[in-house]
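The values are calculated or read from the model by the stated rules, or taken from the named source; none is laboratory data. The structure presented is a predicted model; accordingly, all values stated were derived computationally and were not measured. Cβ atoms come from the backbone with ideal geometry, glycine included; neighbour counts cover every protein chain shown. Just the protein is used for accessible areas: all its heavy atoms, side chains included, with ligands, DNA and RNA removed. Shrake-Rupley method; radii C 1.70, N 1.55, O 1.52, S 1.80 Å.
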Amino acid sequence: MSEGMPGTAKPAGVTLNAGSAGGGAAGLVGGVAVVAATATIANSAAAAAANSSANPNGPNTMAASQAEPDMKGWLLKWTNYLKGYQKRWFVLSKGVLSYYRAEHGAGAYAGGKLSIRRRRKGPRPESKGTMMQCLRAPRSPTRLVPSVPDSNSNSNGLLKKHSKKMKKNQAEMAHTCRGTISLHGALIHTVDSCTFVISNGGTQTFHIKAANEVERQSWVTALELAKAKAIRAMESDEEEEDNTANTIPSEELNLVVRELTIKLENLKTCYDLITKHGAALQRALSELESGDDLANKTKIVSERATLFRISSNAMINACSDYLQTSQTQGHKWSKMLQHERDQKLHLEEMVEQLARQHSHLEQAANRHRPNVAASASDDEDNEFYDAQEEGGSVASQEESSFILNIPVSMHHNHRRNSIDATGSSSEGEEGNSETQQVLVVAENLHNMDVTDRISVHSSQALTPTIGNQSKVVVRKRRTRVADKPNYPLNLWSIIKNCIGKDLSKIPMPVNFNEPLSMLQRLTEDFEYSEILDKAAQTKDTCEQLAYVTAFTVSSYSTTSNRTGKPFNPLLGETYECDRTDDLGWRCINEQVSHHPPMAAQYCEGRGWRCWQEFTMTSKFRGKYIQIVPLGYAHVEFPATGNRYTWRKVTTTVHNIIVGKLWVDNHGEMEIFGERNAKGVKCHLKYLPYSYFTRDTQRRVKGVVMDNANQVKWVINGTWDSKIEIAPVTSTSGSTENPVYKTGNYKTAWTRNLPPPDSDKYYNFTLLACQLNEPEPGLAPTDSRLRPDQRLMEEGRWNESNQEKLRLEEGQRARRRQREAEAEKAAAEGRPYPPYEPIWFSKEKEEGTDNLVHVYKGSYWDAKAKQDWTKSPTIF
């Protein structure tokens, strides 16, 4: 250490001087020994202080360097159909891609950059006070924090001027930023040699074009690396938060308090020594003024000054050590305190909301049921369900007439417009939110046509429907699964740390699950595939779309009493379901992406084929879980060339903390015709569940329009019971508010009620019980072979939880390996191929620049040959 550093006094010299001071200095020698012993207590803090003194700008410089963007430059970005591609300045930093307008964004960013990155070539001049250090050390305007400013007024004025300039640049950057997209859950696609697409699952999409292939590859490589870093940072933050939240406060608090108490005693000892030696030094200085024996008194003053300096240095070191410990522990405990405060606020909000709902329910009960005995409302298990019994005809009630608001502009090229409207890909183009109000009135309800009902009103729903059944060998399948065991679980202890997080990233125990994978739940959409069989036989395009609409509604029927969470599929996991022998269809599903979670599905039946790319965003808000699907589903009828496309509505699970779980589906769905059905469309509205509405609960209503925007068919019913359709027979009223009269309603779909004891086994339907039934010849990645899911179905939940943790850790290890290989390839300047699914491939979607996963058509051939060489080992 250099001379003059804290804690660098030379005890040997002090001892020699004290030894020559005679008897009067003997006590000082002992004092030196005490001070030296005290000084050694804070050696580590002294080292830290020395490092800080040696490099006072080190921390700021390091932090500033981390704030530098990973990449920046000019690119062309798709804005809208009027302006096409426009030049924008893009900045990639900290896992976020931002862009700025050409006339402001680049200048603001460059201005900020030039104002903080002025460097000299050659050695730097010696610092003249801390002012020069402050001006040249920071590299980011957000980290410009001066140490101890010089007293020079000119320097202070220059510093203030510089800080104002930096703040101005920051404000301009924030003002001119036109949009951002987070990369941790984004998909990065390469369209052609110069174009690439960044999408976070559907709500936000950037279509970007580079000047050449080299520039495009540079950006794609940088984006992939930034995505990997963002995922790692997010997971490390979540792990740190979980570890912090799960720490046992009492044990660690005792250790911290004990450590701080010891350091505080050291501070008190140093304080006593400084007080003692300071008083001795003052007395020695006073005696020096008398003028007698100056040489001896000077020596005593020097020794006492040395002792005071050693005591002061020890005090400084002890203070640094105490401060360092306090800051380290203080940061940790402040995070824990903030976490508990957040949970307390969430709990208070939920309790307050529950109290308000309870009060409203009491008022509503008193209004609508004034003559009911008081004892009937005291039952805590009373639930508010539909007043209409299941199986009752919607068309025979007042609900057959309704008012519906239809968007004025419904484009067939909806996917690009939807992305532009919800994301930031359409600059300056506001969506058209105008609606047209239509009135639907039913006629001749007493002669309702019931001959077209195609649903089976019995528990034997899944009976063979293929013609000439005598020649078809139907496999005998199971009719139920094992009963659900009753394992108690402290719900709040698990979910209190998950509020505000993405549902797909929450490590839940199997106690909240049902023994089915998400891929198997998607397959349940085809439980009522006979609706599509009927649609394939229909000649009229609008009537065909009415049946397709009924099919889209039928996929929600099991959600009314199914509250278990399906298993999140592993990357590369597949599921096949071949029901051609009895139901006439077969499908294949594959988990094609992990960040964000995405599944691809392809199904083919009698005269139709259906496929979808399913991804979603989900948030847990404490009182409820909301799931918003993002992918699109398609159905095509090859005989006519008609194709229809739709996106599913929002699903909300209520009463997560208090009360009985229940599910609601709500929102608006638009089904668009494509190819030969182009221009035909359906607007469908799922009414949200409400205790105070006069509408039928869980109601669905909508209209089918032709390519001239004329309503041809009416959709009416509930998503948990039945859907009825009726043709429009006449139109009256004004153009702005037309009135449509319908003919006889016919039932397009009726729900098959689950077995009476299904509540014992997860409320599974007959098809759901058969989805996880073991079969021979499956791919090694099939969900039926997943060990944790199989153990849960068998009732061995503890073993299932252990297997679940093992599988998830294996998936994380494989992802880290891919990221390490990608970083190595980027360092070597070569492209790294992203993960490719086995049975699906990315292709450009017809009519858009979006890349979607398309079925390759090779799975069933591989199964016939039992060739699974392409399948990875994931279980």
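Residue 607 - would you say it is assigned to a loop (DSSP other than H, G, I, E, B) and either within 26 Å of the chain's Cα centre (by Cα) or of a type in the set (Lys, Arg) (or both)? Taking the combined requirement at face value, the residue does not satisfy it. For the range 651-678, filtering for residues that are at pLDDT 90 or above, assigned to a loop (DSSP other than H, G, I, E, B) and open to solvent by 20 Å² or more (accessible area, probe 1.4 Å) leaves 2. Considering (1) surrounded by fewer than 17 Cβ atoms within 10 Å (Cβ to Cβ); (2) over 25 Å from residue 868 (Cα atoms), the lone condition that residue 797 does not fulfil carries the number (1). Taking the criterion of being at pLDDT 95 or above, among the charged types (D, E, K, R) and either surrounded by fewer than 24 Cβ atoms within 10 Å (Cβ to Cβ) or assigned to a helix (DSSP H, G or I) (or both), the only residue of the range 545-577 that qualifies is 576. Of everything in the range 818-847 that is of a type in the set (Gly, Ala, Ser) and open to solvent by 40 Å² or more (accessible area, probe 1.4 Å), the residue that is nearest to residue 184 (Cα to Cα) is 820.
Residue 815 fulfils the conditions (1) assigned to a helix (DSSP H, G or I); (2) open to solvent by less than 50 Å² (accessible area, probe 1.4 Å); (3) under 30 Å from residue 475 (Cβ atoms); (4) not acidic (Asp, Glu) except for a single criterion, (3).
On the given criteria, is residue 309 in contact (Cβ under 8 Å) with a residue 60 or more places away in the chain, crowded, with 18+ Cβ neighbours inside 10 Å and part of a helix (DSSP H, G or I)? Judged against the criteria, residue 309 is not a match. Counting only strands (runs of 3 or more DSSP E) that fall entirely inside the range 695-770 and contain at least 1 residues that are more than 30 Å from residue 582 (Cα to Cα), the qualifying elements are 699-705, 711-718, 722-733, 738-742. Only residues that are surrounded by 11 or more Cβ atoms within 10 Å (Cβ to Cβ) and either modelled with pLDDT of 75 or more or not in a helix (DSSP H, G or I) (or both) were counted in the range 355-374, giving 2. For the range 865-874, does any single residue satisfy the condition of being of a type in the set (Asp, Glu), touching a His at 6+ places or on another chain (Cβ under 6 Å) and part of a loop (DSSP other than H, G, I, E, B)? Checked the range 865-874: no residue is of a type in the set (Asp, Glu), touching a His at 6+ places or on another chain (Cβ under 6 Å) and part of a loop (DSSP other than H, G, I, E, B). Residues in the range 639-653 include at least one that is within 29 Å of the chain's Cα centre (by Cα) and of a type in the set (Lys, Arg).
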